[in-house]
1. Taking the options L197, L100, name whichever one is within 24 Å of D27 (Cβ to Cβ) and under 13 Å from the mean Cα position of the chain (by Cα).
2. State whether one or more residues within region 146-155 are at pLDDT below 95 and over 27 Å from P24 (Cα atoms).
3. Taking only region 1-22 into account, find how many residues are exposed (fewer than 12 other Cβ atoms within 10 Å of the Cβ) and closer than 16 Å to A102 by Cβ.
4. Just to be sure I understand, how many residues within region 147-176 are more than 17 Å from the chain's Cα centre (by Cα), of a type outside the set (K, R) and assigned to a loop (DSSP other than H, G, I, E, B)?
5. Output the residue which, of all residues in region 94-129 that are hydrophobic (A, V, I, L, M, F, W, C) and under 18 Å from V20 (Cβ atoms), is surrounded by the fewest Cβ atoms within 10 Å (Cβ to Cβ).
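The values are calculated or read from the model by the stated rules, or taken from the named source; none is laboratory data. Just so we're clear, the structure is a prediction, and the values are computed from it rather than from any experiment. Positions of Cβ are backbone-derived with ideal geometry, glycine not excepted, and every protein chain shown enters the neighbour counts.
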Amino acid sequence: MVGPEVVVLIPESTRKAKGVSASPTVDELAGALPSPVRTKLRELRDEIVNKSPKGFVKGGGELAAYRRFDGNMYRHIPPDAWEGRSPKVEVVIASGLRGLVASRDTVPAYEHSMAEVAPPFGKLNRWWHGRGLPEILAAYLTAVRPRVVVDLLSLEYRESVAGYAARFRGIGVKTIDFPGMGRGSQPLRGERVAEILRSGKV
């Protein structure tokens with residue numbers, strides 16, 4: 001398969017937009033994984049859904065991830081940046097519900113967040129990390145073979161995939177931080193994502 005030249009890693013948002021798409025379910029990230037890894041990811045996703053408190057996963061259908069997430073970072077990525085993105089770029093989103101999703105993958109609205117405690121799992125970034133999310137991310141990157149990964153994850157989300165970069169060779173990793181800004185960094189993260197989507201350049 002011909003993969004993207006640039007993969008950007010970003011967190012989900014706690015705020016989720018309402019609405020559903022008339023399009024069928026899309027799961028490009030899982031589809032790119034080797035079969036055993038794909039099976040493992042889907043089993044972990046099923047475990048999250050089946051053990052979550054009632055109401056954590058909303059019914060009514062799915063929406064593309066880049067449209068579903070509606071937090072401050074996402075509000076600084078204009079719709080035209082997503083719709084007119086360079087074909088060289090894919091954005092991969094760390095998700096408390098799904099582990100990892102590609103930006104066009106469809107997801108329901110949900111209450112989970114990597115950064116928060118979710119009964120009965122505890123803090124989801126630790127739950128996902130302990131069940132192999134770094135290996136799953138590394139398998140995806142090894143499959144699509146980008147030239148570079150741009151890591152724009154916030155702290156809790158980076159912890160969910162910590163160690164992924166040690167599991168492959170030949171792919172550059174550029175980590176971008178915004179020291180001391182906390183939640184105030186979200187607009188800057190969004191602006192950086194928009195810039196990469198439009199230009200195809202890091």
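1. Residue meeting the stated conditions: L100.
2. So far as region 146-155 goes, yes, one or more of its residues are at pLDDT below 95 and over 27 Å from P24 (Cα atoms).
3. 2
4. 3
5. Ranking the candidates gives A109 first.
Yes or no, residue by residue, for (1) closer than 20 Å to W127 by Cβ; (2) at pLDDT below 95; (3) assigned to a loop (DSSP other than H, G, I, E, B):
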site: V2; (1), (2), (3): no, yes, yes
site: V8; (1), (2), (3): no, no, no
site: T14; (1), (2), (3): yes, yes, yes
site: V26; (1), (2), (3): no, no, yes
site: V37; (1), (2), (3): yes, no, no
site: S86; (1), (2), (3): no, no, yes
site: L100; (1), (2), (3): yes, no, no
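Conditions tested, residue by residue: (1) under 22 Å from V37 (Cβ atoms); (2) among the hydrophobic types (A, V, I, L, M, F, W, C).
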{"position": "E135", "(1), (2)": "yes, no"}
{"position": "L153", "(1), (2)": "yes, yes"}
{"position": "I171", "(1), (2)": "yes, yes"}
{"position": "G180", "(1), (2)": "no, no"}
{"position": "R183", "(1), (2)": "no, no"}
